[in-house]
Amino acid sequence: MTDKYEPQTIEPKWQERWAHARLFEVPDRSEKPKFYYLDMFAYPSGDLHWGHVRNYTVGDVVARYHVMRGEHVLHPTGFDAFGLNAENAAIKRGIHPAEWTARNVAQMEQQYRRMGYSFDWSREVNTSQPDYYTWTQWMFLQLYRGGLAFKKRAPVNWCPSCATALANEQVIGGSCERCDTAVQQKEMEQWFYRITRYAERLLEGHDRIEWPDDVKLMQRNWIGRSEGVEFDMAIADSPRKATVYTTRPDTVFGITYMVLAPEHPLVDEITSAEQWAAVDAYREQARSKPELERIADTAKDGVFTGARAINPMTGEQVPVWVAEYVLMGYGTGAIMAVPAHDQRDFEFAKRYDLPIRVVINPQGTALDPETMTEAYVGPGVQVNSGPFDGLPSEEGWVKIAEDMERRGIGKRTVNYRLRDWLISRQRYWGAPIPIIYCDTCGTVPVPEEDLPVLLPPRAPFTGKGGSPLEAVPEFVNTTCPRCGGKARREVDTMDTFVCSSWYFIRHASPHDSERAFDADKVRYWLPVDLYIGGREHATMHLIYARFFCMALHDLGLVEFEEPFTRLFNHGVVGLGGKKMSKTRGDNPSPDGMCARYGADTARLFILFIAPPGEPAEWSEAGVEGIYRFLGRVWRLFSAVLPAFDAAWAKTLETEKPSLAGTALRRKTHQTITKVTAEIERIHHNTAVSALMEMVNQMSQFVADLPDAAAGDRAAVSEAMATLPVLLSPFAPHLADELAERLGLLGRSVSLFSAPWPQADPELAREDEITLVVQVNGKVRDRITVAAGADEERLKELALNSERAQQFIAGKAVRNVVVVPDKLVNIVVS
């Protein structure tokens, strides 16, 4: 071995060998236990960034480790290749989205291979290819027949820049998540998936999956389950009535006005002639705002309709207002307003000088509406509530709800904030929706045997309004599959999240041309055992995929309801305390780092700088530090290779190492234990630290090894044989090169399928430990004791400690608590 570490030579050599041997391809079945590991697949931007490197390196360590643990591991990947990003990029560059996407896919495949990721490329999926989106369309037809895909006219989030409708989840802070343009409201005929039917099951399913608590919380908040009462408020001097929903029936006696959403159909019917112009102008202004902006707007405003509604519990008439902070899609689009006990209503009432009536007082306090500076939303005692006065408000909630039901005024119900999933997109680069419109037969699904509905190769996609497919006559004009008459195709395409909501199923049988998936193979592999990706997908991809699986289960197509048994979220990679951004020019290319330092350095660096689940700070100094460490490993092996004892295990049966050699053996087995435990809990940074400590201890033997006794040479050789195996999931190229130089590979191509080393607990045990001695919980001494001493011996040593004696002399020892190998706490009084 040369003294110089040259990853530019080592890494291409092993990548070629792995590819030639098709090392990472996995057969459909095995007697071994299965483990399906999956990373969230990438959008093919063409640029591998450090977020990608972190995501896929963390996962590659996990996948390689499980292979070495003797499991049958499926580790596929692919590309989420449809969508607005690709189309917008293609428009900007004046090329076709298919060409742009194919170019980027090829580039990213090359980058992934260069990183040494153990993807089974034979199972690659690309959502923009007909062999995939055929089955996305087939899925649509199944959901359509099951009543889960439907079309309706509804206000939608409209991005004027991208010229398409957006789902709520794709609007961030009132702007399009893609281009940051302010989103508007627009009435359109759109296709939806009925995800609201699964609201309760999506919540209940959290108990069956091992997901981060914050992701579950984000989903629970997004679904927004609430229990309350629904009741009608009649409009005075009119046959009309408005249905309202409240989670606070305990406050109904405090209603002082009612509010309708600007889109509510009652607005047209009840607005007085005197107020019509003001109401109409206000509605036009409100329609221009996206829903999320309306919710977040702190300057609550509105306009009086001139009508009054009747509180069914009191018979009192209250004014009816129109205000943008009430949304037609949430609840019923009409609310009772109780300004004393709702902050939003309080601010509105203050602005328009509307009455404020207290109906719940805090215990022992009487609120004065004239002096209140904010709404009181806590529990208390019912007041001004007729027969319910004096009840605790929690009891009042129940009693008032029961009274409303008994009298036929209202009914208890459960509402959800979750909206149906808008899947229509007025863009070219997406899966065409397989629907035909016939003047005679109406809406007709495309027959399954006629799938796929292919994207026409050319369309005037400019991103400036309307669906590009509408301008392609040979696509639009067709015949009705029922009557044979003239018909036209749906010209919208599907949201890209539809494609990514089932790709993990397709990986089980990616080349099946007869069906979306092979049921037997899906039954074997699914659900995914571990899924890794960003938590930013909590209320988009992750909730959509769960809905999809539940729907497919109900349709009898799959046997599981939850797609991902365990979820792990990696942290972002930042620079200077901010997330890296190509637009700011502060996202150094991993390609450049790999060219200079090697892929193994990039992999080990991104794993070492922080726990994988927490934010990480990029620095070139850190990259250089890891490069120096790998160079040190290389030089260490180069120095000790001539003394390597391939028969070290046999030698150790007869030759005892020195104290230093015994300590090295202990470190070797402790490192096996540590690295194993840290990979299991996905704490790769501490696993790398353990490997560094092992290398430090090995380095102490370099100078003296040629003259060392046989026992010490065997101890060093054991460490040399172990380190490449432990290093393999993290830095696989260097590990395989070292293993080959040591003669460890035999007929194998790689350590990839080598057995994971087993630690000997006795060898890993420390000879001595430092025992903390406490008296009444305070540290009073530290003593050195034999590791593994029993509890009685530890009690004896602690009680006889000279320093502890100073604090227990003349006092009664009530108890002695022993934490083996850590501490003894003496309790005295």
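Annotations for the structure displayed:
- In degrees, nearest ten, helix 684-699 long axis to first principal axis of the chain (Cα): 10 degrees
- In this simple spin-label approximation, GLN343 and LYS151 carry label points 7 Å from Cα along the Cα→Cβ vector, and these lie 4.3 nm apart.
- Listed pairs LYS32/LYS216; LYS151/LYS300; LYS186/LYS216; LYS151/LYS486 exceeding 26 Å between Cα atoms: LYS32/LYS216; LYS151/LYS300; LYS186/LYS216
- Extension gain from THR243 to GLU394, taking 0.36 nm per residue of separation minus the Cα-Cα distance: 52.0 nm
- Zone residues, the range 24-38, relative to SER122, backbone N less than 12 Å from point 7 Å out along Cα-to-Cβ: 24-29
- The chain: relative contact order in percent, alpha carbon pairs under 8 Å with at least 6 residues between: 14 percent
- Look at where the Cα atoms of the range 129-165 and of the range 722-737 average out, and the two centres are 46 Å apart.
- Solvent-accessible surface of the range 460-534, taken per residue with a 1.4 Å probe and all protein chains present: 40 Å².
- Estimated purely from DSSP H runs of n ≥ 4, each contributing -39500 (n - 2.57), the mean residue ellipticity at 222 nm for the chain is -11000 deg cm²/dmol once divided by its residues.
- Spatially proximal lysines relative to LYS4 (Cα-Cα < 20 Å; intrachain offsets below 8 disregarded): LYS13
- Nonlocal amide H pairs with VAL572, under 5 Å, H built at 1.01 Å: ALA616
- Cβ crowding within 10 Å averaged over residues, with 267-273, 491-497, 521-527 ranked highest first: 491-497, 521-527, 267-273
- In this structure the range 226-276 gives 38 Å² per residue of accessible area when probed at 1.4 Å with all protein chains present.
- Amide hydrogen proximity for LYS241: with H placed 1.01 Å from N in the peptide plane, the residues at 5 or more positions away or on another chain lying under 5 Å are ILE235.
- Charge dipole of the range 605-743 about the Cα centre (unit charges at C-beta), most positive-ward option of GLY661, GLY613, ALA731: GLY661
- Spatially proximal lysines relative to LYS241 (Cα-Cα < 18 Å; intrachain offsets below 8 disregarded): LYS411
- Residues whose placed amide H lies under 5 Å from that of PHE79, excluding near-sequence neighbours: VAL125, ASN126, THR127
- Accessible surface computed residue by residue for the range 592-738, with neighbouring protein chains in place and a 1.4 Å probe, gives 36 Å² per residue.
- Sequence-distant lysines (8 or more away, or on other chains) whose Cα lies within less than 22 Å of LYS656: LYS667
- Mean separation of Cα contacts under 8 Å (6+ apart) over length of the range 713-754, as relative contact order %: 36 percent
- Mean Cβ neighbour count within 10 Å, used as a protection proxy, ranking 63-75, 718-730 highest first: 718-730, 63-75
- Value of relative contact order over the range 688-829, rounded to a whole percent, pairs C-alpha under 8 Å and six or more apart: 17 percent
- The range 632-754 - percent of accessible surface contributed by carbon and sulfur, probe 1.4 Å: 51 percent
- The range 351-368-the range 456-507 distance, computed between alpha-carbon centres (Å): 57 Å
- Rounded to whole Hz, the Karplus (6.51, -1.76, 1.60) HN-Hα couplings of the range 408-425, x for glycine and proline: x, 7, x, 9, 6, 8, 10, 10, 10, 6, 4, 10, 4, 7, 6, 10, 6, 9
- With Cα atoms, 0 to 90° folded angle of helix 213-223 axis to the chain main axis: 20 degrees
- Of all DSSP bridge pairs formed entirely within the chain, close to 75 percent run antiparallel.
- Three-way shape label, the chain, alpha-carbon gyration tensor, a/c 1.5: oblate
- ³J(HN,Hα), Karplus 6.51/-1.76/1.60, whole Hz, each residue of the range 436-453, x for Gly, Pro: 10, 10, 10, 4, 8, 9, x, 7, 10, x, 5, x, 4, 5, 9, 6, x, 7
- Highest mean packing first, where packing is the average number of other Cβ atoms within 10 Å per residue, the peptides 97-103, 785-791, 250-256, 388-394 line up as 250-256, 97-103, 388-394, 785-791.
- Of all DSSP beta bridges confined to the range 733-829, the antiparallel ones make up roughly 80%.
- Seen against the Cα atoms of the chain and their longest principal axis, helix 732-742 is set at about 20 degrees.
The values are calculated or read from the model by the stated rules, or taken from the named source; none is laboratory data. These numbers were taken from a predicted model, which means no experiment stands behind them. Positions of Cβ are generated from backbone atoms using ideal geometry, with glycine treated the same way; all protein chains shown enter the neighbour counts. For accessibility, only protein heavy atoms count, side chains too; no ligands or nucleic acids. Shrake-Rupley method; radii C 1.70, N 1.55, O 1.52, S 1.80 Å.
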